[in-house]
Amino acid sequence: MLHLSVMNITPDTFRIILYVMAALAVVVFIALYQVKAGYGILIDKSWGITISNKWAWMIMEAPVFIAMCWFWVMSPRKWDLVPFIFFLLFQIHYLQRSFIFPWLIKGKSRMPVLIMLMGIVFNLANAFIQGQWIFFLAPETMYTNSWLRDPRFLLGIILFLTGLIVNIQSDNTIRHLRKAGDNNHYLPERGLFRYVTSANYLGEIVEWLGFAVLTWSLSGFVFFLWTFANLVPRAHAIHKRYQEEFSSEMASEPRKRIFPFIY
């Protein structure tokens, strides 16, 4: 059966997959400085057919939540405490991203179907590498209960929860810039937006850095690398857009793109 062949992937093959995905992340990082992903404030009709942002976000993010549930159900380790905690943390993010965040979006913004489909492909690939490692390929002696006292887990959980809170709060700040039915863009200025123009992306990067640290895994690092490669160029593009639209405010209150005082 297909699911058995997927579960029985060898560690060497899995490692090659991770190396390929890491290399692709570098390519994406470079490419996104040249080609802007046309959704949100950077919406671009040249990307083709669009659908409602609300539906697009849910359809794009829900597959990773569902796929991760499948990996968990299929795993003989599903009730081991540490892998279960990893699973819960991962799913908390995607529960919010798939089924809560989209329906809080105000306005009538849209997303190109092509971008949504690319997001689905990446999300399924990410569920595969995280699920394979956590539930099947990690050494059985690695994630014992003693891992919960390991400095890597403790630091990682602090980073993860901090990033999650920053991400949700920053999204909330952006959301309340608009009234119902308003499609205009506004410059966010509360919270970490006083220091960067993409505080929501900063939160997400910190969140997945934390996940990479608390799992201390190459699969976690590859996900962090992809998050970085996707969001840092986008933060750069948004910063340029804000400089064009809100030149006086940006000049009087200069702020960085995504990392306070750095970039």
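General remarks:
- The set of residues in segment 92-126 that are charged (D, E, K, R) and either more than 24 Å from residue 219 (Cβ to Cβ) or surrounded by fewer than 20 Cβ atoms within 10 Å (Cβ to Cβ) (or both) comprises 106, 108, 110.
- Taking residues in segment 35-57 that are within 19 Å of residue 121 (Cα to Cα), and partners anywhere that are part of a loop (DSSP other than H, G, I, E, B) and of a type in the set (Val, Ile, Thr), the pairs with Cβ atoms closer than 6 Å and at least 6 places apart or on different chains are 53/105; 54/105.
- Test: residue in segment 181-191 that is assigned to a helix (DSSP H, G or I) and touching a helix residue (DSSP H, G or I) at 6+ places or on another chain (Cβ under 7 Å): yes
- Search result, residues across segment 142-155 that are assigned to a helix (DSSP H, G or I) and more than 14 Å from residue 217 (Cα to Cα): 145, 146, 148, 149, 151, 154, 155
- Some residue of segment 235-248 being of a type in the set (Lys, Arg), over 19 Å from the mean Cα position of the chain (by Cα) and not in a helix (DSSP H, G or I): no
- Test for residue 68: is it within 28 Å of residue 16 (Cβ to Cβ), out of contact with any Gly (no Cβ under 7 Å at 6 or more places or on another chain) and not β-branched (Val, Ile, Thr): no
- Within segment 68-89, if we keep just the residues that are touching a Phe, Trp or Tyr at 6+ places or on another chain (Cβ under 7 Å) and part of a helix (DSSP H, G or I), the residue that is farthest from residue 117 (Cα to Cα) turns out to be 82.
- Residue ID - modelled with the lowest pLDDT, chosen from residues in segment 1-16 that are in contact with a helix residue (DSSP H, G or I) (Cβ under 7 Å, 6 or more places away or on another chain) and surrounded by 14 or more Cβ atoms within 10 Å (Cβ to Cβ): 7
- For residue 173, the conditions (1) in contact with a Ser or Thr (Cβ under 9 Å, 6 or more places away or on another chain); (2) β-branched (Val, Ile, Thr); (3) more than 18 Å from residue 39 (Cα to Cα) are fulfilled apart from (1).
- Boolean, residue 149 is surrounded by fewer than 18 Cβ atoms within 10 Å (Cβ to Cβ), more than 22 Å from residue 103 (Cα to Cα), in contact with a helix residue (DSSP H, G or I) (Cβ under 6 Å, 6 or more places away or on another chain) and without any contact (Cβ under 8 Å) to a residue 24 or more places away in the chain: no
- Residue match in segment 44-55 (condition: more than 24 Å from residue 110 (Cα to Cα) and either modelled with pLDDT under 95 or buried (at least 16 other Cβ atoms within 10 Å of the Cβ) (or both)): no
Table: residues versus (1) farther than 18 Å from residue 29 by Cα; (2) surrounded by 22 or more Cβ atoms within 10 Å (Cβ to Cβ); (3) modelled with pLDDT of 95 or more.
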| residue | (1), (2), (3) |
| --- | --- |
| 190 | yes, no, no |
| 198 | no, yes, yes |
| 212 | yes, yes, yes |
| 221 | no, no, yes |
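- Among the residues of segment 90-141, those that are β-branched (Val, Ile, Thr) and assigned to a loop (DSSP other than H, G, I, E, B) comprise 105, 141.
- Residue within segment 248-259 that is in contact with a His (Cβ under 6 Å, 6 or more places away or on another chain) and surrounded by 14 or more Cβ atoms within 10 Å (Cβ to Cβ) present: yes
The values are calculated or read from the model by the stated rules, or taken from the named source; none is laboratory data. Source: prediction; values computed, not measured. Positions of Cβ are generated from backbone atoms using ideal geometry, with glycine treated the same way; all protein chains shown enter the neighbour counts.
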